[in-house]
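K.L.:
Below are the structure tokens for one structure; questions will follow.
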Amino acid sequence: MSLGKIDKAKILEIVKNQGILIFFALLLISVSLVSDKFLSARNIILVLRQVSITGVLACGITFILISGNFDLSIGSLLSLTTVVVINLHDKIGPIPAILITLAVGVIVGIINGTLIGYLKLNSMIVTLGMLPILQAVTLIYTGGKYSSVAKPDEAWFSFLGRGFVFGIPTPVIIFAIFVAVFTIILTKTVYGKYLFALGGNRTASLYTGIKDNYITFLTYIVTGVTTAVGGIMMGSRMMSAQNYIGEGYEFTVLTAVVLGGTSLFGGSGSVIKTLIGVLILGFLSNAFIMLGFPYYTQWIVQWVIIIAAVWMDVASKRGKLWA
């Protein structure tokens, strides 16, 4: 083997394993040279707080993608759960409202999990169809009206989205807990091993006795719960809810997860790298604002990231990244 081929192999291995960290470091260094406020403690906390909801949702989507499936309905489910928790807050109290919101997430997860796991329907088609259905349910539930908490400054519910614990925003703590728990589940439990097995080779996994229908069913319930938690956090932060408040989140979350190295074809991924993907998107958005770029620039960059991530994924699997 020639020296050039060896070097290319080493570079490919570094890009596959540590490329996301390299890119993140270069992003932080580059923007910090232009703006001295970019890496200030205040700005870092601001970014972490802003990406927390996206991060919680991304934990669930990481599991979905690793198992070889998709969920494109989380944006509409985020809208629905945010509206539900806000609408019920003054009517029945914050704790019952939170419990009902979590139940809504579980119910949607059960529906998706049944259709995809047990009836073997295509996950992209099912969840794409669920997206407008959930948005319609949201509009029917509210009658198209804006929802808000009557006295937001007096409600302890706001602590979940606006509060601080020892100077750390509560949403950041919640996000960190989800990252830690989901990392343990993915790396230390049988369920986590089954997710990798299903996504890596579903046919072969069936011969090992893995109940793919149950694992898929359970994974969509998990995603329903993470999205409901995101809705609770969103409602707590805003103390109000527009009917389309979660619109576009499915794309942002998917971008963050694939940017973190989780394969769109299943079988590989990491919650820790998803965390890095979420942070990259957060700091990119923050950098665009600081540098005076228009808001729509973020959409263009997210599209480029998706295309690049898919290309890297397909090319690396075929061994032709440098062809």
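The values are calculated or read from the model by the stated rules, or taken from the named source; none is laboratory data. Here the structure is a predicted model, which means the values were calculated and not measured. Cβ: placed from backbone, ideal geometry, glycine included. Neighbour counts: every protein chain shown. In case anyone asks, the SASA skips ligands and DNA or RNA and just uses the protein heavy atoms, side chains included. Shrake-Rupley method; radii C 1.70, N 1.55, O 1.52, S 1.80 Å.
K.L.:
Of the conditions (1) assigned to a helix (DSSP H, G or I); (2) open to solvent by less than 50 Å² (accessible area, probe 1.4 Å), GLY246 fails just one. Which one is it?
P.N.:
Here GLY246 meets the rest and fails (1).
K.L.:
When both residues are 6+ apart or on different chains and their Cβ atoms are under 9 Å apart, which pairs have a first residue that lies in region 70-81 and is open to solvent by 10 Å² or more (accessible area, probe 1.4 Å), and a second that is among the aliphatic types (A, V, I, L, M) and not in a helix (DSSP H, G or I)?
P.N.:
PHE70/LEU264
K.L.:
Could you figure out which of (1) modelled with pLDDT under 95; (2) over 16 Å from the mean Cα position of the chain (by Cα); (3) within 27 Å of TRP299 (Cβ to Cβ); (4) outside any loop (DSSP other than H, G, I, E, B) isn't true of GLY235?
P.N.:
(1)
K.L.:
Please go through (1) buried (at least 17 other Cβ atoms within 10 Å of the Cβ); (2) in a helix (DSSP H, G or I); (3) out of contact with any Ser or Thr (no Cβ under 8 Å at 6 or more places or on another chain) for GLY282 and return the number of the only condition it doesn't satisfy.
P.N.:
Checking GLY282 against (1) buried (at least 17 other Cβ atoms within 10 Å of the Cβ); (2) in a helix (DSSP H, G or I); (3) out of contact with any Ser or Thr (no Cβ under 8 Å at 6 or more places or on another chain), the one that fails is (3).
K.L.:
Hydrophobic (A, V, I, L, M, F, W, C) and out of contact with any Leu (no Cβ under 9 Å at 6 or more places or on another chain): which single residue out of LEU131, LEU102 fits that description?
P.N.:
When all the criteria are applied, what remains is LEU102.
K.L.:
Right, next: Which one of the conditions (1) open to solvent by 30 Å² or more (accessible area, probe 1.4 Å); (2) closer than 30 Å to ASN201 by Cβ; (3) at pLDDT 90 or above does GLY55 fail to meet, given that it meets all the rest?
P.N.:
For GLY55, the failing item is (1).
K.L.:
For residues that are part of a helix (DSSP H, G or I) and over 20 Å from ASP71 (Cα atoms), scanning just region 206-220, find the one that is most open to solvent (accessible area, probe 1.4 Å).
P.N.:
This residue is TYR207.
K.L.:
Given (1) under 20 Å from SER158 (Cβ atoms); (2) open to solvent by less than 70 Å² (accessible area, probe 1.4 Å); (3) among the hydrophobic types (A, V, I, L, M, F, W, C); (4) at pLDDT 95 or above, identify the lone condition not met by ILE45.
P.N.:
With (1) under 20 Å from SER158 (Cβ atoms); (2) open to solvent by less than 70 Å² (accessible area, probe 1.4 Å); (3) among the hydrophobic types (A, V, I, L, M, F, W, C); (4) at pLDDT 95 or above applied to ILE45, the lone miss is (4).
K.L.:
Quick one: which of ALA309, ALA323, ALA315 is closer than 24 Å to CYS59 by Cβ and modelled with pLDDT under 80?
P.N.:
ALA309
Okay, residues lined up against (1) charged (D, E, K, R); (2) out of contact with any strand residue (DSSP E or B) (no Cβ under 7 Å at 6 or more places or on another chain):
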{"site": "SER147", "(1), (2)": "no, no"}
{"site": "ASP153", "(1), (2)": "yes, yes"}
{"site": "TRP156", "(1), (2)": "no, yes"}
{"site": "LEU160", "(1), (2)": "no, yes"}
{"site": "PHE166", "(1), (2)": "no, yes"}
{"site": "ILE173", "(1), (2)": "no, no"}
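K.L.:
Sticking with this one: Is one or more of the residues making up region 49-57 among the small types (Gly, Ala, Ser), part of a helix (DSSP H, G or I) and under 13 Å from the mean Cα position of the chain (by Cα)?
P.N.:
Yes - at least one qualifying residue is present in region 49-57.
K.L.:
Please find, among THR203, THR223, the residue that is open to solvent by less than 30 Å² (accessible area, probe 1.4 Å), within 22 Å of THR114 (Cα to Cα) and polar (S, T, N, Q).
P.N.:
THR223
K.L.:
Check LEU115 against each of (1) surrounded by fewer than 24 Cβ atoms within 10 Å (Cβ to Cβ); (2) in contact (Cβ under 8 Å) with a residue 24 or more places away in the chain and name the one condition it does not meet.
P.N.:
(2)
K.L.:
Only residues that are touching a residue at least 12 places away in the same chain (Cβ under 8 Å) and open to solvent by less than 30 Å² (accessible area, probe 1.4 Å): list them for region 289-303, please.
P.N.:
Within region 289-303, GLN298, GLN302 qualify.
K.L.:
Tell me which residues, restricted to region 120-150, are closer than 15 Å to GLY235 by Cβ, in a loop (DSSP other than H, G, I, E, B) and open to solvent by 40 Å² or more (accessible area, probe 1.4 Å).
P.N.:
Hits for region 120-150 are TYR146, ALA150.
K.L.:
Moving on. Considering only residues of region 257-268 that are at pLDDT below 90 and open to solvent by less than 20 Å² (accessible area, probe 1.4 Å), which is farthest from the chain's Cα centre (by Cα)?
P.N.:
GLY266
K.L.:
So, one more: Out of (1) without any contact (Cβ under 8 Å) to a residue 12 or more places away in the chain; (2) farther than 18 Å from GLY231 by Cα, what's the single condition that is false for ILE173?
P.N.:
Checking ILE173 against (1) without any contact (Cβ under 8 Å) to a residue 12 or more places away in the chain; (2) farther than 18 Å from GLY231 by Cα, the one that fails is (2).
K.L.:
Could you say whether any residue in region 99-110 is open to solvent by less than 40 Å² (accessible area, probe 1.4 Å) and small (Gly, Ala, Ser)?
P.N.:
So far as region 99-110 goes, yes, one or more of its residues are open to solvent by less than 40 Å² (accessible area, probe 1.4 Å) and small (Gly, Ala, Ser).
K.L.:
Only one of these conditions is not met by ASP36: (1) in contact (Cβ under 8 Å) with a residue 12 or more places away in the chain; (2) in a loop (DSSP other than H, G, I, E, B); (3) over 24 Å from the mean Cα position of the chain (by Cα). Which number is it?
P.N.:
(1)
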